[in-house]
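The values are calculated or read from the model by the stated rules, or taken from the named source; none is laboratory data. Just so it is clear, the model here is predicted, and its values are computed rather than measured. Cβ atoms come from the backbone with ideal geometry, glycine included; neighbour counts cover every protein chain shown. Side chains included, ligands, DNA and RNA excluded: accessible areas come from the protein's heavy atoms. Shrake-Rupley method; radii C 1.70, N 1.55, O 1.52, S 1.80 Å.
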Amino acid sequence: LAALYVFYFSNILFSNQVFSFRDLSRYYYPLRLFAFNEIKEGRFPFWNPYINCGHPLFAALQSVVLYPFSAIYLLFNFDFAFNLFIVLHIFLGGVFFYLLMRDLAFRHISALISGIVFMFSGYLIAVINLTTTLAAAIWFPLVFLFFNRALNQRRYLGNLILAGIFLGFMFLGGEPTPMFATLMILALYSLTHVLVRRGQILKTAGIFIALVIIFILLFSFQIFPFIELIRLSSRAQTDFEMASH
């Protein structure tokens, strides 16, 4: 997986080029450059004074200030870190999907092919310009892996905590849509689990609810500022005519 990844992205990893198409140059690059320059200067980036009369930066989520792999922006030159953040997530997506397939008892070669297909899937490559969606989507295999373990193993608390942590990483990645989709998939999977194993309705429902509670408790520091900002946003009232222009 690493060899394929390096070969595919060699023109980015070993050159001075920077991903810059669509939303990358217009939104993500300047947003993160400002946010992590603030951190380097010893200020937490709560606020961006350069948008109109100012705008909440941390609460807006897409600055990914507290996302674990955002440490890359503090360790390397920003242009290199900007590229590395993107391509590293493509690679991690493949590794995580490989681990999921192995945990589901698929053979090594089958898991490897699955990882390659996921890593270079049209979806992941297409959302390179939406780095928040990319950073969120790649955690799905691990969330599913540990949630499935919680459903099928007696020691479900540890697996639920890990599933909740990785679900939180999806949220900190800056785009909640993949997290919502993941919860929908887990709910449908729980339903099929109940249909196959009759008599486990309460246990299955309890595990799913516990996952949501663990996620909320662990990541409330980002959830509540985000909810507050949504309440103050006019985007929810945007009509089709305005959105289509």
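Restrict the check to the range 180-187 and report whether at least one residue is touching a Lys or Arg at 6+ places or on another chain (Cβ under 7 Å), more than 24 Å from PHE85 (Cβ to Cβ) and open to solvent by less than 90 Å² (accessible area, probe 1.4 Å).
No, the range 180-187 has no match at all.
Could you check the range 188-209 and list, in sequence order, the residues that are open to solvent by less than 30 Å² (accessible area, probe 1.4 Å) and either closer than 16 Å to LEU157 by Cα or in contact with a strand residue (DSSP E or B) (Cβ under 9 Å, 6 or more places away or on another chain) (or both)? First the steps, then the outcome.
Start the filter on the range 188-209 by keeping residues that are open to solvent by less than 30 Å² (accessible area, probe 1.4 Å), which leaves 190, 193-194, 204, 207.
Within the range 188-209, THR204, ILE207 meet the criteria.
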Of all residues being open to solvent by 90 Å² or more (accessible area, probe 1.4 Å) and outside any helix (DSSP H, G or I) in the range 106-123, which is nearest to ALA150 (Cα to Cα)? Just the residue, please.
PHE106
Residue count for the range 90-105, restricted to those that are out of contact with any Gly (no Cβ under 7 Å at 6 or more places or on another chain), among the small types (Gly, Ala, Ser) and open to solvent by less than 50 Å² (accessible area, probe 1.4 Å)
1
Filtering the range 156-170 down to residues that are touching a residue at least 12 places away in the same chain (Cβ under 8 Å) and open to solvent by 10 Å² or more (accessible area, probe 1.4 Å), which residue is nearest to GLY115 (Cα to Cα)?
PHE166
If you take the residues of the range 111-155 that are touching a residue at least 40 places away in the same chain (Cβ under 8 Å) and not hydrophobic (A, V, I, L, M, F, W, C), which of them is farthest from PHE19 (Cα to Cα)?
ARG149
Looking only at residues that are open to solvent by less than 70 Å² (accessible area, probe 1.4 Å) and among the aliphatic types (A, V, I, L, M) in the range 217-245, which one is farthest from MET170 (Cα to Cα)?
LEU229
